[in-house]
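The structure appears below as structure tokens.
Just so it is clear, none of the values below were taken in a lab; they were calculated from the coordinates. Bear in mind the structure is a predicted one, so any value in this text is a computation, not a measurement. Backbone-built Cβ (ideal geometry, glycine too); neighbour counts: all protein chains shown.
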Ligand code: FRU
């Protein structure tokens, strides 16, 4: 693979020279240049968190997939690592697709399980892709050897990818997504005692929605005494505020024991309600927390940074997942992220007057807002934050809408890129919002992670402000803090 990796590194170094940083994230993982999609191979190995990702180092659009790589000792400060995987054998000729990583029992080697992809007609997607599950091995998490085919593609299946591997007792388990011959979205389960020889166990899950033909990037993980199955269903139709993205993520919660069927206990629920949250993967930290990274990007709708900026796609901030009382996923930024704060302005309690706009600060450098509202005493139609607001009036609007009873992100007046509104139903006497504003994105955590909204937001040029505005009434702010955030990168890229 050496040759292919050297060529990829040379290509990405050249792209880096063209990279523009007006929207390049300050505190989110993004490729040094080129394209990024799914987080892959999340794990803790040799004292570091390893984050790999789907990467096209030759341009800012999707292409033959490589695995990019970054690492961190604390999930806060990150270092770039060389590209880890490149297409180099017949089975992954056209791409090393998504997958996961596990550490062997000795603790000394890392195994990456991924999908090898080949266009059936040798050139493009017209006749579909041949997908097989592969393994590669590493002693340092940096360079990989011994690519090997583990599970061949069954005759006629057009989608068969994204292995997620874990160990329980003495057995290794692997789930991945598949499209059945009847075109139904399924999760298949395999087991192994030696990490090499894998046996089909069962079809663990079939999406009850007959429109869904494939479940991408399934991740099955325990939270308390339940199991969460999170995946990207392909083929869903919008339903109210739900499933509005072509690439959206959700989950079901159930019971599962090795050797048994998965017993689904909840309906399908949304993992995130924003415009851009896909293909999340989780890892377990050494102290037992379940932490997820998702991809903020899009396959179909061009991203503003793809045009001239020589990069595209970023991961979300790391989020700790727990299960709420009604079996809802609760998703909060990991506590370590407070280390990114360099400066805090606390505004305490105040009232935003009728039709008043309060300028909270500049968001050019990356900002986190922690705000609490007394909605029972708020008479404004909306609790509205204008973020990424530029002198020409362009901005992304987000907050609480009392008419519809939702928390929303509205990109209709955003400077660049895709538009539209996304929202999650919400009613209550109080409301907490935690908002992360980076140079090209916003992430909103509602009431300590009961719901999240993640959306790309590409502002216009010039200074960017954050404002809080009322409409036709007053806003009762219980407290509001603005934290400036520093960069996650340990060394400058250029
Ligand atoms: C999901 C996905 C995966 C696939 C990868 C290819 O975003 O389509 O199913 O492995 O991206 O880049």
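What are the residue pairs meeting all of these: first residue in the stretch 221-248, first residue more than 17 Å from residue 321 (Cβ to Cβ) and free of Cβ contacts under 8 Å to residues at least 24 places away in the same chain, second residue in a strand (DSSP E or B) and within 12 Å of the ligand (Cβ to nearest atom), Cβ atoms under 8 Å, and 6 or more apart or on different chains?
Once the first residue is more than 17 Å from residue 321 (Cβ to Cβ) and free of Cβ contacts under 8 Å to residues at least 24 places away in the same chain and sits in the stretch 221-248, no partner that is in a strand (DSSP E or B) and within 12 Å of the ligand (Cβ to nearest atom) comes close enough.
For the stretch 45-74, give me the residue count where each residue is within 16 Å of the ligand (Cβ to nearest atom), crowded, with 23+ Cβ neighbours inside 10 Å and not in a loop (DSSP other than H, G, I, E, B).
Quick first cut of the stretch 45-74, residues within 16 Å of the ligand (Cβ to nearest atom) only: 51-69.
Filter again for crowded, with 23+ Cβ neighbours inside 10 Å, leaving 51-57, 60, 65-68.
Then keep just the ones that are not in a loop (DSSP other than H, G, I, E, B); that gives 51-56, 65-68.
Residues meeting the conditions: 10.
Hey, can you tell me all the residues within the stretch 446-464 that are out of contact with any helix residue (DSSP H, G or I) (no Cβ under 9 Å at 6 or more places or on another chain) and crowded, with 18+ Cβ neighbours inside 10 Å?
Taking the stretch 446-464 as the starting set, the residues that turn out to be out of contact with any helix residue (DSSP H, G or I) (no Cβ under 9 Å at 6 or more places or on another chain) are 446-455, 457, 459-464.
Within the stretch 446-464, 446, 449, 450, 451, 452, 453, 454, 455, 457, 459, 464 meet the criteria.
Surrounded by fewer than 18 Cβ atoms within 10 Å (Cβ to Cβ), at negative phi, away from the ligand (no atom under 16 Å from the Cβ) and under 21 Å from the mean Cα position of the chain (by Cα): is that true of residue 77 in this structure? Walk me through how you get there before you give the answer.
On the way: surrounded by fewer than 18 Cβ atoms within 10 Å (Cβ to Cβ): yes; at negative phi: yes; away from the ligand (no atom under 16 Å from the Cβ): yes; under 21 Å from the mean Cα position of the chain (by Cα): yes.
Against the criterion (surrounded by fewer than 18 Cβ atoms within 10 Å (Cβ to Cβ), at negative phi, away from the ligand (no atom under 16 Å from the Cβ) and under 21 Å from the mean Cα position of the chain (by Cα)), residue 77 qualifies.
Look through 33, 84 and report the one residue that is within 19 Å of the chain's Cα centre (by Cα) and either at positive phi or more than 12 Å from the ligand (Cβ to nearest atom) (or both).
33
For the stretch 151-175, how many residues meet the condition of being in a loop (DSSP other than H, G, I, E, B) and within 16 Å of the ligand (Cβ to nearest atom)?
Matching residues across the stretch 151-175 total 4.
Checking residue 419 against (1) surrounded by fewer than 21 Cβ atoms within 10 Å (Cβ to Cβ); (2) in contact (Cβ under 8 Å) with a residue 12 or more places away in the chain: exactly one of these is not met. Which one?
So residue 419 meets the others, but not (2).
For the stretch 244-273, give me each residue that is buried (at least 19 other Cβ atoms within 10 Å of the Cβ) and either in a strand (DSSP E or B) or within 16 Å of the ligand (Cβ to nearest atom) (or both).
245, 247, 248, 249, 250, 251, 252, 253, 254, 270, 271, 272
All but one of (1) in contact with a strand residue (DSSP E or B) (Cβ under 7 Å, 6 or more places away or on another chain); (2) more than 30 Å from residue 287 (Cβ to Cβ) hold for residue 355; state the number of the condition that does not hold.
It fails just one condition, (1).
What strands (runs of 3 or more DSSP E), lying completely within the stretch 176-232, carry at least 3 residues that are over 21 Å from the mean Cα position of the chain (by Cα)?
Of the strands (runs of 3 or more DSSP E) lying wholly inside the stretch 176-232, those with at least 3 residues that are over 21 Å from the mean Cα position of the chain (by Cα) span 185-192, 199-206.
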